[in-house]
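**Student:** Please see the structure below; I have some questions.
The values are calculated or read from the model by the stated rules, or taken from the named source; none is laboratory data. Everything quoted here is computed from the prediction, not taken from an experiment. Neighbour counts run over all protein chains shown; Cβ positions are idealised from the backbone, glycine included.
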Amino acid sequence: MKVWVYGDPAPGSTGYKTTLELLTKARSLGGDVEAVVLGPGATEAAKTCGEYGATKVFAGDDPVFSDYIGTAAAHALHALVQEHRPNMILFPLSYDARDVASRLSAKTGSTIMSNASEFGEGTAQTAIFGGAKIVDVALGGPDPKIVIVRPKSFEPEPAGGSAEVVAVSADIPDEAKKAKVTERHEQEAEGLKLEDATVVVSGGRGLQQPDNFKLLDELAAAIGNAAVGATRAVVDAGWVPYAMQIGQTGKTVKPKVYLAIGISGATQHIVGMKSSDRIIAVNKDAEAPIFNLADLGVVGDALKVVPALTEEVKKLKG
Amino acid sequence: MNVIVCVKQVPDPNNPYELTGDHRLKRDGGQNVLDPGDEFGVEAALKLTEAGGEVTVVSMGPPQAMEAIRRALSMGAHKGVLVSDDSLVGADALVTAKVLAAAIGTQTYDLIIAGVESTDGYTGTVPGTLAELLGLPQATFAKELDIKDGTLHIQRQTENGYDDVECPLPAVVTVTAGVNEPRYPTFKGIMQAKQKPVDQPSLSDLGLSGDDTAPTQTIAKVEPAPARGAGEKVEDDGTGAAKIAAFLKEAKVI
């Protein structure tokens, strides 16, 4: 079996980290593991892919691959697929990779499965209903089977190898150069990144109004090594920026401790935080589904519990 | 300017989801709604056609998905297309995209709008596959969109901010929740929606055969996820904060 991993070239991005997780897991299937990385930085990323188990990496550094939404990369990937015939292609669940995967499915007539948390030869697994049930899916139809995998599904481990790097042509037809990125805006999040924090303090509707998020900022500052997240409901309501959103759309986190403050526990949110080592929930509603996940649940008013907790933490830390 | 909006009827996300005996999402509970994510797409289409043109909502689903189409029509969309066929029960993302592409292929349009992903399945791949099947570019994850001089401009959500994207028409655009404030249907809108035309082509009308619509994924099994260890749940009697602090200390994060 020949398994390909479609890699994200930007170091530090979720897609890049997920690429290394996918290579690690793909190694264990026992077939040939190769990668395709397209966009600026690809050749550099290809070396890292080699360390994580890819024996060959098709790399294209040309900005054309990242400047056109999905189309240019899908065109190049399709040409590689026709030439080298992989049986399965794994994509990280990221904005860019999903766009490429979805177009490839139409080009090859291949099945496409999204949100996978596990995969094997011709099979994949996904969690539904906020992780309450695990579904095993058999993938049929023509190769390559296309599977898009959620971040942090596997622990990345280098294998210590090195890859043969093959340059990918940047000759892309005009019809694949239409939806063009004209300018990029980076909004640097202040402080610690959510994905890197040891403790994540997240808020939902139960905080009642946007101003009360500062209570979470104060708690996170007192704990240290902590970052503040939010549910889709409060992001959609405009309380906090999208960069803070944890869940299906948004970030996936896996901290040592996750504090869910005023969060009921909608599926959309749970998929982004359920793999946290420990979960603490504070909610007024004793029946809130979040309590089914919590190692410690406090039924109470978040607006009282959080300031008191900040003081307790300060006391304990001396 | 004519705009197509792809919509889906989903079980009300405010209720717990259930599976049928053959592992499919239960859709006949009577509590189905137009996917809340699609309301943003309908609203965007209505705004873009204020100066003229029509909004057509297109859906694939069981017969009761007509209610979701009527909801979009009551918001102000002009007409609908519903593709419903027993052979499409259990259709995967590729089959869904093929059916939508065939249904949209019979329409005239400048822009196709879809939600970023559905609220029930959240696969998120149908719009991209649809775009490829129709030979169109895709502008995805729009948190702002506008059309100037026949060119689509969006702000595309990214991991660390957003990108400005320009795209000639026709194109497929996917919109995030929050791109606008969807209107509520008025009483007049609800009454008018009942009279608006909804085309219901068969698969053969669309030139599709059984081979086109055979699903390529089968569900082998569904099992409950391994349960987390039963946690402690306490009523806050003023000591809740101290209990959490002790837990954090024990977890060695403070």
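**Student:** Could you say whether any residue in segment A:243-251 is buried (at least 24 other Cβ atoms within 10 Å of the Cβ), more than 11 Å from every other protein chain (Cβ to nearest Cβ) and not in a strand (DSSP E or B)?
**Tutor:** no
**Student:** From the residues in segment B:16-70 that are within 26 Å of A:Ile290 (Cα to Cα) and among the hydroxyl-bearing types (Ser, Thr, Tyr), which one is surrounded by the fewest Cβ atoms within 10 Å (Cβ to Cβ)?
**Tutor:** Going through the qualifying residues, I end up with B:Thr20.
**Student:** Here is a further query. Restricting to segment A:23-74, what's the tally of residues that are touching a strand residue (DSSP E or B) at 6+ places or on another chain (Cβ under 7 Å), within 14 Å of another protein chain (Cβ to nearest Cβ) and not hydroxyl-bearing (Ser, Thr, Tyr)?
**Tutor:** Total satisfying the criteria: 4.
**Student:** Let me spell it out: the conditions are (1) surrounded by 18 or more Cβ atoms within 10 Å (Cβ to Cβ); (2) at pLDDT 95 or above; (3) under 21 Å from B:Val10 (Cα atoms); (4) β-branched (Val, Ile, Thr), and B:Thr140 meets all of them except one. Which number is the exception?
**Tutor:** Of (1) surrounded by 18 or more Cβ atoms within 10 Å (Cβ to Cβ); (2) at pLDDT 95 or above; (3) under 21 Å from B:Val10 (Cα atoms); (4) β-branched (Val, Ile, Thr), only one is false for B:Thr140: (3).
**Student:** What number of residues within segment B:4-50 satisfy the criterion of being under 13 Å from B:Thr174 (Cα atoms) and touching a strand residue (DSSP E or B) at 6+ places or on another chain (Cβ under 8 Å)?
**Tutor:** Of the residues in that region, 11 qualify.
**Student:** Now for a separate question. Run down B:Ala241, B:Ala246 and say which single residue is outside any loop (DSSP other than H, G, I, E, B), of a type in the set (A, V, I, L, M, F, W, C) and either more than 7 Å from chain A (Cβ to nearest Cβ) or at positive phi (or both).
**Tutor:** Testing whether each residue is outside any loop (DSSP other than H, G, I, E, B), of a type in the set (A, V, I, L, M, F, W, C) and either more than 7 Å from chain A (Cβ to nearest Cβ) or at positive phi (or both) leaves just B:Ala246.
**Student:** Filtering segment B:20-63 down to residues that are touching an Asp or Glu at 6+ places or on another chain (Cβ under 8 Å) and part of a loop (DSSP other than H, G, I, E, B), which residue is nearest to B:Asp199 (Cα to Cα)?
**Tutor:** So the residue we want is B:Pro62.
**Student:** Mind listing whichever residues of segment A:1-47 are touching a Phe, Trp or Tyr at 6+ places or on another chain (Cβ under 7 Å) and among the hydroxyl-bearing types (Ser, Thr, Tyr)?
**Tutor:** Selection gives A:Tyr6, A:Thr24.
**Student:** Could you check how many residues of segment B:149-178 are modelled with pLDDT of 95 or more and either charged (D, E, K, R) or on the phi > 0 side of the Ramachandran plot (or both)?
**Tutor:** Total satisfying the criteria: 4.
**Student:** Here is a further query. Tell me, yes or no, whether segment A:226-235 has at least one residue that is in contact (Cβ under 8 Å) with a residue 40 or more places away in the chain, in a loop (DSSP other than H, G, I, E, B) and either within 12 Å of chain B (Cβ to nearest Cβ) or closer than 25 Å to B:Asp120 by Cβ (or both).
**Tutor:** The answer is no; no qualifying residue exists.
**Student:** Still on this structure, please answer the following. Scan segment A:194-204 residue by residue and report those that are surrounded by 15 or more Cβ atoms within 10 Å (Cβ to Cβ) and either assigned to a helix (DSSP H, G or I) or not β-branched (Val, Ile, Thr) (or both).
**Tutor:** Of everything in segment A:194-204, those that are surrounded by 15 or more Cβ atoms within 10 Å (Cβ to Cβ) and either assigned to a helix (DSSP H, G or I) or not β-branched (Val, Ile, Thr) (or both) turn out to be A:Leu194, A:Glu195, A:Ala197, A:Ser202, A:Gly203, A:Gly204.
**Student:** Could I ask something else about it? Restrict the check to segment B:206-213 and report whether at least one residue is more than 25 Å from A:Arg103 (Cα to Cα), in contact (Cβ under 8 Å) with a residue 40 or more places away in the chain and surrounded by fewer than 19 Cβ atoms within 10 Å (Cβ to Cβ).
**Tutor:** No, segment B:206-213 has no match at all.
**Student:** Taking segment A:252-283 only, how many residues are assigned to a loop (DSSP other than H, G, I, E, B) and facing chain B (nearest Cβ under 9 Å)?
**Tutor:** Residues flagged as assigned to a loop (DSSP other than H, G, I, E, B) and facing chain B (nearest Cβ under 9 Å) within segment A:252-283 amount to 6.
**Student:** Ok, one more. Would you pick out the residues in segment A:21-44 that are surrounded by 24 or more Cβ atoms within 10 Å (Cβ to Cβ) and in contact with a helix residue (DSSP H, G or I) (Cβ under 7 Å, 6 or more places away or on another chain)?
**Tutor:** Scanning segment A:21-44 gives A:Leu23, A:Val33, A:Ala35, A:Val36, A:Val37, A:Leu38.
**Student:** Take the residues in segment A:82-116 that are part of a loop (DSSP other than H, G, I, E, B) and of a type in the set (S, T, N, Q); name whichever of them is farthest from the other protein chains (Cβ to nearest Cβ).
**Tutor:** Filtering segment A:82-116 for residues that are part of a loop (DSSP other than H, G, I, E, B) and of a type in the set (S, T, N, Q), the one farthest from the other protein chains (Cβ to nearest Cβ) comes out as A:Asn87.
**Student:** So, one more: Which residues, taken from segment B:154-175, are within 7 Å of another protein chain (Cβ to nearest Cβ) and either among the acidic types (Asp, Glu) or under 28 Å from A:Leu194 (Cβ atoms) (or both)?
**Tutor:** Result: B:Gln157, B:Thr158, B:Glu159, B:Asn160, B:Gly161, B:Tyr162, B:Asp163, B:Asp164, B:Val165, B:Glu166.
**Student:** Of A:Ala260, A:Ala226, A:Ala222, which residue is surrounded by fewer than 24 Cβ atoms within 10 Å (Cβ to Cβ), modelled with pLDDT of 95 or more, touching a Leu at 6+ places or on another chain (Cβ under 9 Å) and closer than 19 Å to A:Glu312 by Cβ?
**Tutor:** Only one candidate qualifies: A:Ala222.
**Student:** Could you run through segment B:102-146 and say how many residues are in contact with a strand residue (DSSP E or B) (Cβ under 6 Å, 6 or more places away or on another chain), more than 7 Å from every other protein chain (Cβ to nearest Cβ) and β-branched (Val, Ile, Thr)?
**Tutor:** 4
**Student:** Restricting segment A:125-149 to residues that are free of Cβ contacts under 8 Å to residues at least 60 places away in the same chain, within 19 Å of the chain's Cα centre (by Cα) and more than 9 Å from every other protein chain (Cβ to nearest Cβ), which is surrounded by the most Cβ atoms within 10 Å (Cβ to Cβ)?
**Tutor:** Among residues in segment A:125-149 that are free of Cβ contacts under 8 Å to residues at least 60 places away in the same chain, within 19 Å of the chain's Cα centre (by Cα) and more than 9 Å from every other protein chain (Cβ to nearest Cβ), the one surrounded by the most Cβ atoms within 10 Å (Cβ to Cβ) is A:Val147.
**Student:** Sort out which residues of segment A:263-295 are more than 23 Å from B:Ala251 (Cα to Cα) and surrounded by fewer than 24 Cβ atoms within 10 Å (Cβ to Cβ), and write them in order of number.
**Tutor:** A:Ser264, A:Ala266, A:Thr267, A:Gln268, A:Lys284, A:Asp285, A:Ala286, A:Glu287, A:Ala288, A:Pro289
**Student:** Can you name the condition, by its number, that A:Lys177 falls short on among (1) in contact with a helix residue (DSSP H, G or I) (Cβ under 8 Å, 6 or more places away or on another chain); (2) over 20 Å from B:Gln138 (Cα atoms); (3) among the basic types (Lys, Arg)?
**Tutor:** Unmet condition: (2).
**Student:** Would you point out which residue out of A:Gly161, A:Gly203 is at pLDDT 95 or above and more than 14 Å from every other protein chain (Cβ to nearest Cβ)?
**Tutor:** A:Gly203
**Student:** Taking only pairs six or more apart or across chains, which ones have beta-carbon atoms under 7 Å, a first residue in segment A:34-59 that is under 11 Å from A:Leu23 (Cβ atoms), and a second residue that is assigned to a helix (DSSP H, G or I) and among the charged types (D, E, K, R)?
**Tutor:** Pairs found: A:Gly53/A:Arg27.
**Student:** Among the candidates A:Ala179, A:Ala127, A:Ala167, single out the residue that is farther than 29 Å from B:Ala101 by Cα and either outside the structural domain of A:Val36 (by TED's automatic domain parsing) or aliphatic (A, V, I, L, M) (or both).
**Tutor:** Of the residues listed, the single one that is farther than 29 Å from B:Ala101 by Cα and either outside the structural domain of A:Val36 (by TED's automatic domain parsing) or aliphatic (A, V, I, L, M) (or both) is A:Ala167.
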